[in-house]
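Readers should treat all values here as calculations from the given coordinates under stated rules, not as data from a laboratory. Keep in mind that what you see is a predicted model, and the values were worked out from it rather than measured. Quick reminder, even Gly has a Cβ in these numbers, built from the backbone with ideal geometry, and neighbours come from all protein chains shown.
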Amino acid sequence: PEICAVILEPVQGEGGVRTPDEDYLRQVRKLCDETGILLIFDEIQTGIGRTGKLFAYEHYGIKPDIMTLAKALANGLPMGAMLSVEHVAAAFGPGSHASTFGGTPLVSAAALATLRVLREENIIEHCARVGEYFREKLFRLKEHHPVVKDVRGRGLLLGMELRTAGKPVVDACQEKGFLVNCIQDKILRFAPPLIITVEEIDALIKCLDEVL
């Protein structure tokens, strides 16, 4: 069978906040180059600063041929985008692709404002800095609570895998005023606003310490 493309997330979201080895993605890029296969990155969760870089692929020193974006692109307003290298984009001629509600003036203005604020207010640098702080705090919880199996992720997309079901932890955190997401039954996923403060992280860590 012929293969036209490889599609993957540079950090898995719903799959469990799993970060691949850097060499793995470089080898995928190399294989695609050698065989003429396109490399597509789904950056809908990881893009727009979430991992401490504008795009998560920047952590790995490679570039995809096609990249998809959404969610944070217009700061919550409905917008999606596909970016590609020039020779791939050439496949789309005028009128070959359309979207009834795509690229509306209101949402486009929101996306431009989002990107401007990210740059002017150094939000991405903040995300990288507090994300590392958050990650270290989660690792400390792992050291003190045997129920915690693993901590992983990049920037402000972090996961804490438990040895038991995560729902009781989610429910207990909610009672204390914190909304925590559980995926794959046992993995707590943390994807807070990029403007989260150290003090807010400390409050969540205190809550988790008590609940765990």
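Things worth noting here:
- Flag for Glu2 being part of a loop (DSSP other than H, G, I, E, B) and farther than 25 Å from Arg116 by Cα: yes
- Close contacts from the range 71-94, counting a first residue that is buried (at least 16 other Cβ atoms within 10 Å of the Cβ) and a second that is among the basic types (Lys, Arg) and in a strand (DSSP E or B), with Cβ to Cβ under 9 Å and a gap of 6+ residues or different chains, come to none at all.
- In the range 119-130, the residues that are more than 13 Å from Leu157 (Cα to Cα) form Cβ pairs under 8 Å with partners that are surrounded by 12 or more Cβ atoms within 10 Å (Cβ to Cβ) and β-branched (Val, Ile, Thr), at six or more places apart or across chains, as follows: Ile123/Val117; Ile123/Ile195; His126/Ile195.
- Across the range 135-152, the number of residues qualifying as touching a helix residue (DSSP H, G or I) at 6+ places or on another chain (Cβ under 7 Å) and under 21 Å from Glu14 (Cβ atoms) comes to 2.
- Matching strands (runs of 3 or more DSSP E) fully within the range 27-100 where at least 2 residues are among the small types (Gly, Ala, Ser): 81-84
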